[in-house]
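Please read the structure below before turning to the comments.
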Amino acid sequence: MTTIREDDFVSSIAEALQYISYYHPPDFIKALSEAYDHEKSPAARDAMAQILVNSRMCAEGRRPICQDTGLVVVFLKIGMDVRWDARLSVTDMVNEGVRRAYLNQDNVLRASMVRDPAGGRRNTGDNTPAIVHMEVVPGDRVEVKLAAKGGGSENKAKFVMLNPSDDIAEWVVRTVPTMGAGWCPPGMLGIGIGGSAEKAMLLAKESLMDPIDIHELKARGPQDRLEELRLEIYEKVNALGIGAQGLGGLTTVLDVKIKDYPTHAASKPVAIIPNCAATRHVHFVLDGLGPAEFAPVDLDTWPEIHLQSADTARRVDLDTLTRDDVTAWKAGGTAPAER
């Protein structure tokens, strides 16, 4: 029987949220760096460079990767042989960890959660409550998957009830352009297939917690239908040319993740939830020996990038800017304005 102390759990949640606010996962940095190296579009390449430089600066200064520090999503697998030494419920402990993280005076994080969403929409002030999913499983540990999910990408979530004979990849490729660039690509697509309407959405969200491994999959080849589907969607979505920040280019998604579940014979529920370039998640395990520890990401993980001189950028005088000026600009355009 393992005993998990309340303060160990709460402090682990709080530290994890601080950690992911300024550290991108190394697999994301590596995948984006490779995409940057292969990108041909100057505008998309510059967008990736800015993301990577910003990412490293945030890691060095321990400041948020994005001003939208997200809503907190937690997946818990609680072992049947775990005992809690706590006065709060598990959900309340998660929320206490969120509260401590977002009000941390060394790195205050933006509180985005509002209560009474259909009415007054008043900010809760500390980014609580979190979205908590719990499962009781065999074992004597508590496994935690935790993410801070930005509103821009969350708002682009899509769901459909397809006919059993419908082509999933076709629907995804048709749907992604309707999402625009508001989800801040390049990121990941999480796809849930099967179960019921709510189960498909949950599968899509949980799939985004997995590491980026599409290049390993391409190298070894698919071993089942889901892996074939991942590769098909990955290639077809990137062929759309949406690109980094919607500026065109070769890479719209760094990976496609899929989880499935048995479903009713008459049904084919499918969900898409994208992750933006501020991909923030971490996994840890509590075994009763104290709070989780999070090692700093090695700064050598980031590539050496030097941003272009500001002389190449378009200069805009906000005092004289007109709607016609903006209408004349082209997506990705960076040419200096005429003097």
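A short reminder: the numbers here are calculations on the coordinates, not readings from a lab. Small disclaimer: the values here were computed from a predicted structure and weren't measured. Quick reminder, even Gly has a Cβ in these numbers, built from the backbone with ideal geometry, and neighbours come from all protein chains shown.
Using the 10 angstrom Cβ neighbour count as an exposure proxy, how do 279, 178 rank, fewest first?
Listed from fewest to most nearby Cβ atoms, that is 178, 279.
What is the fewest-to-most order of 281, 133, 264 by other Cβ atoms lying within 10 Å of their Cβ?
Starting with the residue having the fewest Cβ neighbours, the order is 264, 133, 281.
Summing Lys, Arg as +1 and Asp, Glu as -1, what charge do residues with Cβ under 9 Å from the Cβ of residue 128 carry, residue 128 excluded?
-1
Using the Cα centre as the reference, give the magnitude of the dipole from point charges on the C-beta atoms of the range 144-296 (Lys, Arg: +1; Asp, Glu: -1; all else neutral), rounded to the nearest 20 debye.
360 debye
Select from the range 243-331 those trypsin sites (Lys or Arg not before Pro) which occupy a DSSP coil region and have at most 16 other Cβ atoms within 10 Å, ordered by residue number.
314, 315, 330
Listed here are the pairs 40/145; 30/199; 40/218; 30/268; 77/257; 77/149; which of them are more than 25 Å apart at the Cα?
Pairs exceeding 25 Å: 40/145; 30/199; 30/268.
Compare the Cα positions of 262, 169, 153 along the charge dipole of the range 151-277 (+1 at Cβ of Lys, Arg; -1 at Cβ of Asp, Glu; about the Cα centre) and return the one farthest towards the positive end.
Projecting each Cα onto the dipole axis, the largest value belongs to 153.
Where Lys and Arg each count +1 and Asp and Glu each count -1, what net charge lies around residue 296 among other residues with Cβ under 11 Å from its Cβ?
-2
Ranking 22, 102 by Cβ neighbours within 10 Å, fewest first, what do you get?
Going from sparsest to densest Cβ surroundings: 22, 102.
By DSSP, what percent of the beta bridges with both residues in the chain are antiparallel, rounded to the nearest 5?
Bridges in the chain that DSSP calls antiparallel: roughly 55 percent.
Assign unit charges at the C-beta atoms only (+1 for Lys and Arg, -1 for Asp and Glu), then state the dipole size of the chain relative to its Cα centre in Debye, rounded to the nearest 20.
With Lys and Arg at +1 and Asp and Glu at -1, about 860 debye.
Of the GluC sites (Glu not before Pro) in the range 1-63, which ones lie in a loop per DSSP and count no more than 12 other C-beta atoms within 10 Å?
Listed in order of number, the matching sites amount to none.
Dipole of the chain (Lys/Arg Cβ +1, Asp/Glu Cβ -1, origin at the Cα centre): which of 180, 19, 50 lies farthest to the positive side?
It is 180, whose Cα lies furthest towards the positive end.
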